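Each reported figure results from applying straightforward, stated rules to the coordinates on display, with no laboratory input. Note that the structure is predicted; figures quoted are calculated from it, not measured. FYI the Cβ positions are ideal-geometry reconstructions off the backbone, even for glycines, and counts take in every protein chain you see.
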Amino acid sequence: MVKDLVYLIPAGKYGKEELLNLLKNHSEIKFASLVGIDLAGNDTDEKIPIGLFIKDIDSFYNGGAVQTDGSSVVLTGIAILNNAKVDMLADPDVNWFVDYNFEHIDEETGKPVGTLRIPAFLVHNGLRVDSRSILVQSLEYIKSELKELFKSKGKVAGLEHIDGADVEDIIFTSATELEFWVKTPANKAEVEELSASQVMQEQYWQRTRGSVRTAMEQALLMLGKYGLEPEMAHKEVGGVKAKIDEAGHLSHVMEQLEIDWKFADAVQCADNELQARIVVKEAFRANGLEVTFKAKPIIGVAGNGEHTHIGMAAKLKSGKLINLFSPSEMTKDFLSAVGYGSIMGLLKNYEVVNPFITSTNDALNRLKPGFEAPICIVTSLGHTPEIPSRNRTILAGLIRDINNPLATRFEVRAANPYTNTYIAIAAIYMSMLDGIKAAVNSGKTTKELEAELSKEAGTPGFYLEKGRAYRSEHDVFDDYSAEDRDRLFGKPPTTVWENMEAIRKYPEKLEAIKAGNILSQEIINAFVAGALIRWKTELSKRIIPDNLTLVNSCTILHCAETAVDLDLTNWEKVNELRTYLAKDSVSHKSLFTRINNAINSGDYATASNLQIEMSDKIDELKAAYAQYKQNILL
């Protein structure tokens with residue numbers, strides 16, 4: 001790493017004159033880029049010569065310097081063809097990062113060329129319509145509502161050690177854990193080999209070696225330069241042992257890794273995640289390795305999650321910080337009324353939160369039984385308040401340390417690296433606010449609130465639904481049948497269409513996250529419309545063609561001279577599946593054709609159902625062809 005580089009400009013540290021002076025003294029920073037986050041979670045990136053940025057610096061702060069249009073960002077139904085102008089407004093309240101190109105050295109300074117990445121808001125018709133704005137404004141609304149609630153109630157169950165009138169500020173803290181797969185280009189491992197290694201836990205927390213170790217160490221050091229304060233990096237469950245080539249280098253690398261860094265203010269957390277992805281990709285690419293953050297890059301093997309930690313604290317007039325989730329007596333209660341209300345609000349309203357967390361085919365491929373990914377709307381608190389425990393099979397779990405009340409938080413396990421963290425965190429906190437108000441206004445004790453959260457399905461609750469259960473300390477994957485899980489915790493969506501339909505099916509739950517009109521109906525409609533466009537396009541233009549390639553790869557292997565009756569029977573089963581999936585006749589349309597026809601006619605419900613059938617049939621084909629191949633002697 002080159003010395004004397006500026007990696008970040010801390011929020012609030014530099015005024016305009018100080019910033020100009022900094023840029024003058026660091027001429028290796030050649031470009032500026034306003035980073036807006038559209039509704040799909042994409043971040044904009046443009047190269048503005050730093051001289052032009054300095055010349056028009058005042059305009060950058062009032063949104064007059066940079067404009068884009070609706071075709072450049074995902075603002076479906078908002079920035080339309082005849083009203084497409086979108087302004088970009090710099091956000092001075094968070095850290096600004098400098099992104100260096102270590103492959104492009106400035107001749108004058110001998111340092112890598114840098115781009116100042118400035119987080120920005122997207123403004124359309126005078127209104128902020130981007131993901132960052134949704135999170136910023138949601139937190140402002142929640143803060144004002146909570147301060148008013150504390151002021152009116154004075155004392156809150158489990159938080160009797162503070163007076164509501166003393167609450168000066170509400171602080172929202174979040175953190176994400178980044179999982180990713182890394183491999184050498186053009187090399188791949190067989191799914192069976194990866195699956196066996198995963199089951200035998202041959203990779204989890206093992207020592208990294210060679211270029212993987214170098215890249216991981218470089219990424220951690222660079223994250224430290226950007227102020228993210230990395231806390232840990234390790235191998236995850238997926239992967240196989242690499243091979244050594246003739247030159248003594250590792251080849252056929254295929255490993256799953258995780259990197260964690262310190263929590264931050266919720267908005268800064270989302271910004272940090274974007275920067276972390278850049279750093280990780282560049283560090284591994286420089287070492288000849290490819291990185292993917294896809295939720296399920298390899299079907300049949302562990303996917304990439306991004307567990308999202310959610311915290312909430314009150315700053316008192318004395319300056320003291322109080323974790324609002326922690327009870328006054330950590331060994332007697334799991335949570336305060338605010339904590340119980342938060343998890344109840346998230347679980348009760350999760351059907352309409354889920355679309356903002358899981359909005360792609362890739363994300364839903366990960367959320368299937370058998371891979372430690374959450375599929376049920378249920379929480380775990382631990383077996384007793386005195387001894388904290390961790391249940392890795394639930395949607396949102398309580399993390400606590402009885403010796404450190406400030407550490408109490410919830411871990412939402414459904415997110416993946418491509419979840420739009422800005423909108424996801426906003427929706428999570430908004431759903432929590434709904435539960436907090438219900439819990440605090442009920443006047444119930446912490447034990448009564450624990451009983452509500454722990455009630456059995458069929459038991460009425462003052463807030464939670466009668467027909468559902470919301471807490472389990474069991475292994476949700478193994479201790480319940482699929483039918484019991486669906487009955488107790490709700491049937492999870494299988495396709496993007498099913499997940500987005502929850503927005504329409506649960507209007508009363510939708511009101512919880514629409515409170516304050518920040519996640520407005522217009523924004524929600526735009527988000528859903530964009531997600532459905534991507535869903536149907538990927539389904540028809542990528543998934544079906546990829547599956548067709550798979551179908552065509554399942555070719556006949558036996559010959560008439562050596563084939564036995566079992567070979568003929570196995571091949572007949574394979575070929576029936578191939579024909580059903582991909583072969584049209586005059587009287588019968590293949591499954592692929594029927595899906596495309598449903599998409600083209602706008603019958604998304606049918607397309608969704610057929611997508612589920614296609615997934616099952618493809619799995620059946622893979623298994624049948626594997627069985628067929630096993631009996632072929634070469």
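Odds and ends about this structure:
- The slack between ILE54 and GLU572, meaning 0.36 nm per residue of separation minus the straight C-alpha distance, is 179.4 nm.
- Signed unit charges on C-beta, dipole axis of the range 134-519, positive-most listed residue ILE387, GLY319, GLY288: GLY319
- Lys/Arg +1, Asp/Glu -1 at C-beta; the chain dipole; positive extreme among TYR506, VAL212, SER553: TYR506
- Cα centroid separation, the range 315-383 to the range 448-472 (Å): 15 Å
- Residue exposure sequence - THR358, THR68, THR214, THR384 - by fewest surrounding Cβ within 10 Å: THR384, THR214, THR68, THR358
- Charge dipole magnitude, Cβ of K and R +1, D and E -1 - the chain, Cα centre, debye nearest 20: 600 debye
- Ranked by the mean number of other Cβ atoms within 10 Å per residue, highest first, peptides 30-36, 361-367, 578-584, 590-596 order as 30-36, 361-367, 590-596, 578-584.
- Cα gyration tensor shape of the range 345-491, rounded if a/c is under 1.5, else prolate or oblate by comparing a/b with b/c: rounded
- Cα shape, the range 425-480, gyration tensor, a/c 1.5 rule: oblate
- All distinct Cα pairs of the chain go into the 1/r average, and the inverse of that average, the Kirkwood radius, is 26.7 Å.
- Counting every alpha-carbon pair across the range 29-140, the share separated by more than 20 Å comes to 42%.
- Here's the list of lysines a cross-link from LYS629 could span, going by alpha-carbon distance under 17 Å and ignoring same-chain residues fewer than 8 apart: LYS573.
- Scattering curve values for the range 532-630, log₁₀ I(q)/I(0), Debye with Cα scatterers, q = 0.16 Å⁻¹: -0.69
- Assuming charge only on the beta carbon of Lys and Arg (+1) and of Asp and Glu (-1), the dipole of the range 12-138 about its Cα centre is about 260 debye to the nearest 20.
- Across LYS30/LYS183; LYS444/LYS466; LYS151/LYS505; LYS294/LYS455, pairs whose alpha-carbon gap is larger than 28 Å: LYS30/LYS183; LYS151/LYS505; LYS294/LYS455
- Taking label points 7 Å from Cα along the Cα-to-Cβ direction, ALA451 and ILE80 give a separation of 5.4 nm.
- Placed amide H near ASN416: partners under 5 Å, 5+ positions off or other chain: GLU306
- Amide H within-cut-off set for VAL378, under 5 Å, with H built and near neighbours excluded: LEU395, ALA396
- Computed from phi, the 3J(HN,Hα) profile of the range 155-170 under the Karplus parametrisation 6.51, -1.76, 1.60 (θ = phi - 60°) reads 10, 10, 4, x, 10, 5, 7, 10, 9, x, 5, 8, 6, 9, 8, 10 Hz, with x in place of Gly and Pro.
- HN-Hα J in Hz across the range 357-367 - Karplus 6.51, -1.76, 1.60, θ = phi - 60°, x for Gly and Pro: 9, 10, 10, 9, 4, 4, 5, 6, 4, 6, 8
- Segments 110-118, 608-616 sorted - mean Cβ within 10 Å per residue, highest first: 110-118, 608-616
- Distant-in-sequence amide H partners of TRP96 (H built 1.01 Å from N, under 5 Å): ILE9, ALA11
- Taking Cα centre as origin and charging only the Cβ of basic (Lys, Arg, +1) and acidic (Asp, Glu, -1) residues, the dipole magnitude of the range 265-369 rounds to 80 debye.
- Packing-based exposure ordering (other Cβ within 10 Å, fewest first) of VAL574, VAL167: VAL167, VAL574
- Positive end of the dipole of the range 8-127 (Cβ unit charges, origin at the Cα centre): among GLY114, ASN101, ASN83, the Cα lying farthest that way belongs to ASN83.
- Whether the range 439-541 is rounded, prolate or oblate, judged on the alpha carbon gyration tensor where a/c under 1.5 counts as rounded: oblate
- Phi to ³J(HN,Hα) by Karplus 6.51 cos²θ - 1.76 cosθ + 1.60 over the range 431-442, Hz, x for Gly, Pro: 5, 5, 4, 4, x, 4, 4, 5, 5, 5, 5, 5
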